[in-house]
């Protein structure tokens, strides 16, 4: 279950933004030659192509770098410790690093026909559907904050930001809504 | 309601919508669609300003971005006053209040005009360099303040800008700059290929020269009707973004172009909160520059009186705004465009007293004569008359000197391609002898110029050139151009290249007369000739010596004539003289637009911890540490910092305090080679650190100086919890990644930042254990089970906890790491539990005092990039047996082991009440000439009842017990050198 | 703002990158064996060419990888980017 006792730094809903409920996250770092084995153990194909994400039934994996994935647990998986323990057990003797970052970052969904423009207010990437297709994910910048941006549908983006930057990003997104 | 100089019909102004405005407090009426300049001219007002140096009366010269004189201030309210706007670009709105600049007390009577009549001949080129050289020091105190008062353009507003400015990144396959005929033709072709096109134009109405194209057809249709249809068709396309009122002000590397879009300046009542301007940062695959051309003024004596204008500007006022710039005009011609102007103005009812052509007879002259116009050829221009408005011009033609009465003199000097953006893009300019102008040559970027800005002046040429540019841009951007037909124009009188450069032939003595080259900076032909004679041969030097081209108009009108004059005086060709650099911005851009959202609270990210709101609710005073907000102290009942910190310190020493240490950097180092990595990276020995134990780590740069420090805990054989300083978190992680990725790829170890995963709640003081014990589960906090420098995972308040027993205060201490989403909940639980134990919350200032009492260093305070571990008294931390670690080799360099290095010591002032100033220099009373060190930290210690200080002192450890001086303005403060540990040197308070 | 072709992520805006100084300067295997002068050279002596420069960049706000680039210091144009450990590609020197 998403845990309602986890504090959210966001103000809340607006026209285009929806703070996402808390979910478990981990950073998995594993060398290229062990990726296949890790994928097999996790029953989840860690994406190899740069800047792409895959979603399994219980977990999503975002390519952040050639040896770095953000694993995202879906809601309904219990508390973070169990989730982490489960993955650790699955990975077994795969030489890798798994670190719980469930609370390091928080997520916003930005959606609607103006989502692209609201993001173009602070993100220098070309966000058109051809340049940034559905399923693409990457670290980048929104104004002066580092974010992870993941396009889940033509008009729906998932944005992750470190917790201390959340208000900064949210304030700018809200200004973008009224100005862009 | 018609103004006296408005034609009965014509133009694109709305004659049914009169607009009231004021200029210098006087009320006028214009029409919707006017600029301030066209509305003033419609009211017969030419005099709009005083010149920069001589305070000569000045009128409107041009009709667009090239205007040098008509700088005005527009005031909406006290905070919304914008100086230095061009009246030719200010759109009229109801209630507009504009004022002239650079005059005192009024435009008509300006006291400073004495500069012109009396002092004028004493302000030659290089005046500032020659005159204000001495006496030494007089520049700051005497000259500069007076010059600043007398000079300067406009007045800055005094209140903060209340407007909102917005911004957007955009990506275009093809960016077309300029929506004149070439730009529109290019956009049509580019858009037809399916490419994403942005079309930007600085004016409110797109169309450029087409807006004033009378008697012209395009594709068989009236040119202005064709324009309307073309723009509507472009606007209807989903792949085209049309940006009127948008100036492309800067062209930066890799096709990165800055656009400034004006959103509300033309509105009488902008909606509250609506952005005033938008900064577009456009990345374009291909750029088409269709920036058009700038008309050349003519340099002749007294060519700056109000009523003396550019000829095509006069035609533009007539055709676009239905405004007659005067009743009776003389046109000074150096280019055939004069004849087109003459015909169109006469048709509107303006008397053309004569066309004074400085050239030998041209075919157009004969047809003008046939049409009944008076044309004088091979003419010289001797001067003009008129105080606040030109009243006559004196010329010589056919050997006869003649004074022609008039109220307007129009200058037709030809056209200069606008190559500013091309030049900014690092394209190479090439001098074209036939056109007598610099044209775009080899591009430095994925860019092409089209139309008048590359010398294709005639309408049909410009349309064809634009269409071809649009097609090739589409091709180069990876699209297949459609073969749209190229628009063809008829009836437009072709205006080709040529024209005149430099001073116009005259019988007058140009070493005495004022023939202006740069209107805005008051630079005359005499000044430029003088500079050339004084040996300034490079145009870059002439520019700086005379200031020509250095005003806000960046020499749009003046540069080419300055070149011509230098060429004449030095006998060198224009290409030999070279060209000054064209710099961004093309026209001035507001600071608001450039700043965008980066102002106020959003200037930088304001990083806050999960406990920040609690601290704010409890009255914390915050300080900035990097981007973080940290609680500095918690004053009660109007306490000042000194009182609050004293109280907080005592409470921690005697009872217990709670402190938000969440901002500390945290890195989880994981992998089979984690210990080996730590061993290579930090100075300490890590291989034997037991699981569950912590160690204070010191990190050097490769040059041997201390970079960072922090406590490191071993969670498992292959897992370390590394803490860094708050400010060093990103730096240390980046440096670790650097070594792992580029030097030690043999190591199987990975790094993950966990700074924000954990809220860190420090509980410090003799009662710390008592406070925490009831809340934790799964761990025994006793001294035996969990001694100082232990780390363990357990639970607190039902959530996971990573507990460290560490102390930066010298007291029994714990740092409770909990997932940050639970940070505030746990903090409040500890707070509730602690209150019965006398707990209070303390801030960074108290933390600083407590650690200084213990002699613990702070990176960046006791270190400054030149401090070795030994200097800082941290030599004990180095793993002596290790063959290598980052920075080890540097520690063996001779200078790093010299005995007189600055070493960390304590200082106790002889007067216990005196707190030294941090940063103060330290001298040896036996040899006071040189500073031997400086104070790094100094506080009043309540626990010790006196002041304490830490300092870096040359050979400090050999000076124990010595008295040193800290010289201050009121005399030296004496202090004794002591060990840098003031309290509990045995550490008895920690190990309980 | 420059466009930099990250060998992993492709063309990306400069603000996602950090600069890392001259490329191909390996840390000595055994620093203790170096004389002071050689160590000084490793620490401080760098090229400052007018023209092609091999330099390190890091896609710090992207894939976080260090990589190398050949940049013409006169034009700011990148001639090539390549992964750490790969030799500098041959480029025609303009």
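Values in this text are rule-based calculations from the coordinates and carry no lab data. The structure presented is a predicted model; accordingly, all values stated were derived computationally and were not measured. Quick reminder, even Gly has a Cβ in these numbers, built from the backbone with ideal geometry, and neighbours come from all protein chains shown.
Shielding of peptide B:694-704 by partners, expressed as the average count of other chain Cβ atoms within 10 Å per residue Cβ, is 1.
Label point of residue B:623 set 7 angstrom out along Cα-Cβ; within region B:753-768, amide nitrogens under 20 Å from it belong to B:760-764. If the Kirkwood radius is taken over C-alpha pairs of region B:297-413, then at 10 °C and 1.306 mPa s the Stokes-Einstein diffusion coefficient equals 116 µm²/s.
Taken along the Cα-to-beta-carbon direction at a fixed 7 Å, the label points for residue B:788 and residue A:14 span 5.0 nm. Its alpha carbons considered, region B:604-755 gives a radius of gyration followed by a Dmax of 18.4, 60 Å. Taken along its principal axes, the alpha carbon cloud of region B:509-589 reaches lengths of 39, 27, 17 Å, longest axis first. When each of B:752, B:216, C:75 is scored by the number of other beta-carbon atoms lying within 10 Å, the sequence from fewest to most is C:75, B:216, B:752.
Annotation: region B:143-294 has a Kirkwood hydrodynamic radius of 17.4 angstrom, from the mean reciprocal C-alpha pair distance. Counting only alpha carbon atoms, the long axis of helix B:641-654 and the longest principal axis of chain B meet at about 30°.
Beta bridges per DSSP, both residues in chain B: antiparallel share near 75 percent. Note on residue B:391 and residue C:38: the model spin-label points, each 7 Å out from Cα along the C-beta direction, lie 9.0 nm apart. By the beta-carbon count within 10 Å of each Cβ, the least crowded to most crowded order of B:973, B:184, fewest first, is B:973, B:184.
The average projected area of chain C, computed from the convex hull of its Cα atoms over all directions, is 6.9 nm². As a rough guide to protection, the peptides B:840-849, B:689-698 ranked by mean Cβ packing within 10 Å, highest first, stand as B:840-849, B:689-698. When only Cα pairs below 8 angstrom with a gap of at least 6 residues are kept, chain A shows a relative contact order of 24 percent. Take each residue of peptide B:737-744, count the partner chain Cβ atoms within 10 Å of its Cβ, and average: the result is 5. Each part reduced to its alpha carbon centroid, region A:1-44 and region B:945-992 end up 51 Å apart. Relative intensity of region B:660-842 on a log10 scale, I(q)/I(0) at q = 0.08, 0.13, 0.19 Å⁻¹, equals -0.25, -0.65, -1.27, per a Debye sum over C-alpha point scatterers of equal strength in the absence of solvent. Between the C-alpha center of region C:1-69 and that of region B:633-649 there is a gap of 48 Å.
Residue ranges C:77-83, B:680-686, B:984-990 sort as B:680-686, C:77-83, B:984-990 when ordered by packing (mean number of other C-beta atoms within 10 Å per residue, highest first).
Under the simplified labelling scheme, the residue B:974-residue B:488 pair shows an inter-label distance of 10.3 nm, with each label point 7 Å from Cα along Cα→Cβ.
Expressed to the nearest 5 percent, the antiparallel share of DSSP beta bridges inside the protein assembly as shown is 80 percent. Summed over all non-identical Cα pairs, the Kirkwood treatment of region B:589-672 gives a radius of 15.7 Å. Cβ crowding within 10 Å ranks B:453, A:96 as A:96, B:453, fewest other Cβ atoms first. Take B:862-870, B:324-332 and order them by the average number of nearby Cβ atoms within 10 Å per residue, most first; the result is B:324-332, B:862-870.
Seen against the Cα atoms of chain B and their longest principal axis, helix B:823-835 is set at about 40 degrees. A Stokes-Einstein calculation at 10 °C with viscosity 1.306 mPa s, built on the Kirkwood radius of the protein assembly as shown over Cα pairs, returns a diffusion coefficient of 45 µm²/s. Rg and Dmax over the alpha-carbon atoms of region A:104-179 stand at 11.2, 32 Å. With q set to 0.16, 0.19, 0.27 Å⁻¹, the log10 of I(q)/I(0) for region A:25-100, from the Debye formula over equal scatterers at the Cα positions, is -0.49, -0.70, -1.49.
Percent of C-alpha pairs per 10 Å bin in region B:14-120, short distances first: 16, 46, 30, 7, 1. Helical content alone sets the calculated 222 nm signal of the protein assembly as shown at -6000 deg cm²/dmol, taking -39,500 (n - 2.57) per DSSP H segment of four or more residues and averaging over every residue.
Calculate the length of the line joining the C-alpha centroid of region B:861-924 to that of region B:509-548, in whole Å. The distance from the Cα centre of region B:861-924 to that of region B:509-548 comes to 59 Å. Taking only the C-alpha atoms of region B:213-371, Rg followed by Dmax gives 20.6, 60 Å. Between the helical axis of B:311-321 and the longest alpha-carbon principal axis of chain B there is an angle of about 80 degrees.
Per the Cα gyration tensor, chain B maps to an equivalent ellipsoid with semi-axes of 72, 33, 27 Å, ordered largest to smallest. Dividing the convex hull volume of the alpha carbon atoms of chain A by its residue count gives 107 Å³ per residue.
Among the residues of B:887-893, the average count of other protein chain beta-carbon atoms within 10 Å of the residue beta-carbon is 4.
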